[in-house]
Amino acid sequence: MRLRNPHMGIPAVHLAGTKGKGSTAALIASVMSVAGYRTGLYTSPHLLDFRERIRLDGKIISKAHLVRLMASISPLVEEMNDHAYLGKITSFEVMTALAFEFFHRQQATFQVIETGLGGRLDATNVITPSLSVITPISLDHTEVLGDSLEKISAEKAGIIKQSVPVVSAAQRPEVMAVIRERCCKTGSKLIEVTDGYKAELLGYTAQGQSLKLSGRQAEYRLCLPLLGHYQRQNALTALASLEALVEEGFKISPEDITEGFGQARWPGRFEVIKGNPLLIIDGAHNQEAAAELLLSLQEYPPAAKVEKEKRVLVFGTSFDKDAGAMADLLSGYFGTVILTHSLHPRAMKPDLLRKAFDGRGLKVLEADSVPKALELAGRIALADGLVCVAGSLFVAAEALKG
């Protein structure tokens, strides 16, 4: 039994980067579905349900489909593991194969594929896409990808294929230099979002942020349900990608873009859960993401009007993250931080986290679970306060579960 290369034959967008991959992928996939393409979306990690990683036209794969696919692929996995000489197949490699096989069986006509880690050696890098997209790159997973921006950028730019056009979000100069060099070597046209793409915030509505996006082909006035300063940058990267696909011959109208952006959903990223007190959940887990979270909080009117002593941060992160750098950015905004941890084995214990927050001018408390941290935060913030959950997607997921 062989899968017969299910990843081939379906046009694709392939995304790599440190931040914004999921949101950008979700925006592109939403527009492609509205434009009439039967669109598969493969992302990681998941928040609440493993099946979130594989979607078709916005709907996660059903349990029945997943069980049938796993039953059909398991004998092949066992056979390959029995004869493995380069190491056994990883769970991510299995999941990637399942996604490609599912999209093939469901007769998808387009697929949006997010890398898992890095790019050059990622399991998803077997595809030759219609477009490669690089979202903002920063220091993360340094133990695997390298200890400098240049090394990490080289790994992520490894998704760029010969003569395949590339869209890059705004990058640091040393990162953009690596991307430009890779595009020169592969003969790939490079579209830089900083050249000709602009976003203007017109205001906030109950549905999201009202925007005017200026592209190279048109101007778009739309409502983006995804809140946060950084989502405007992700929207521009998605817009540049969609306009690049139009240039490649795909049928996407300005109306498709406006409607598709308006239908996009991506939970756990500056997601407003409720009021009284205002509860915002954001998966920011590194220094750059924490900086964007701070900008978003300062800009979002319901959060900005809350007095500092009623702003409570519920924070937990993984042991391989730079908690001190995030504490540097966030401590000055909040009156209280409640340190906690997720159930994930990589979670950093609150007593270690305390070293990052002590002596920064805010009250530091601890809770031994995310639900207990939320309960305590609600008592401190009161009805007119703010509770913000950040530091890890795993913590964000447990907060979403309630």
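Values in this text are rule-based calculations from the coordinates and carry no lab data. Keep in mind the model is a prediction, meaning the values are calculated, not measured. Ideal geometry is used to build each Cβ from the backbone, glycine not excepted, and the neighbour counts take in all protein chains shown.
Highest GNM mean-square fluctuation among ALA367, ALA25, ALA12, for the chain modelled with Cα contacts below 10 Å: ALA367. Taken along its principal axes, the alpha carbon cloud of the stretch 225-333 reaches lengths of 52, 34, 18 Å, longest axis first.
Report for the chain the percent antiparallel among DSSP-assigned beta bridges with both residues inside it, nearest 5.
Just about 40 percent of them are antiparallel.
Once the cut-off is 42 Å, how many percent of the Cα-Cα pairs in the chain end up in the long-distance tail? I get 12 percent for the Cα pairs in the chain exceeding 42 Å.
The phi-based Karplus calculation (6.51 cos²θ - 1.76 cosθ + 1.60; θ = phi - 60°) puts the 3J(HN,Hα) values of the stretch 382-393 at 6, 5, 9, x, 10, 10, 10, 9, 7, x, 6, 5 Hz, whole numbers, x for Gly and Pro. Model label sites at GLU375 and ARG51, defined 7 Å from Cα along the beta-carbon direction, differ in position by 3.1 nm. Across the stretch 320-335, computed HN-Hα scalar couplings (Karplus, 6.51 cos²θ - 1.76 cosθ + 1.60, θ = phi - 60°) run 9, 9, 8, 5, x, 5, 5, 5, 3, 7, 8, 4, x, 8, 9, x Hz from first to last residue, x flagging Gly and Pro.
If a spin label sat at a point 7 angstrom from the Cα of LEU201 along the line to its beta carbon, no backbone N atom of the stretch 312-336 would be nearer than 15 Å.
In terms of Cα atoms, the Rg and Dmax of the stretch 335-402 work out to 11.6, 35 Å. Charge dipole (Cα centre; +1 on Lys/Arg Cβ, -1 on Asp/Glu Cβ; no other charges) of the stretch 12-263 amounts to roughly 300 debye. Structural size metrics of the stretch 271-401, computed from C-alpha coordinates, are Rg and Dmax of 12.8, 37 Å.
Each residue of the stretch 344-359 was assigned a 3J(HN,Hα) from its phi angle through the Karplus curve 6.51 cos²θ - 1.76 cosθ + 1.60 (θ = phi - 60°); the sequence is 5, x, 8, 5, 7, 6, x, 5, 6, 4, 4, 4, 6, 10, 4, x Hz, with glycine and proline shown as x. Highest mobility in the GNM of the chain, judged by mean-square fluctuation with C-alpha springs under 10 Å and restricted to LEU117, LEU76, LEU362, is found for LEU76. Each other residue within a Cβ distance under 11 Å of GLY335 adds +1 if Lys or Arg and -1 if Asp or Glu, for a net charge of +2. Stokes-Einstein diffusion for the stretch 1-107 at 4 °C, viscosity 1.567 mPa s, with a Kirkwood radius from C-alpha pairs, works out to 87 µm²/s.
What is the list of residues in the stretch 362-391 whose amide nitrogen lies under 19 Å from a point 7 angstrom out from the Cα of LYS274, following Cα to Cβ? The answer is 369-390.
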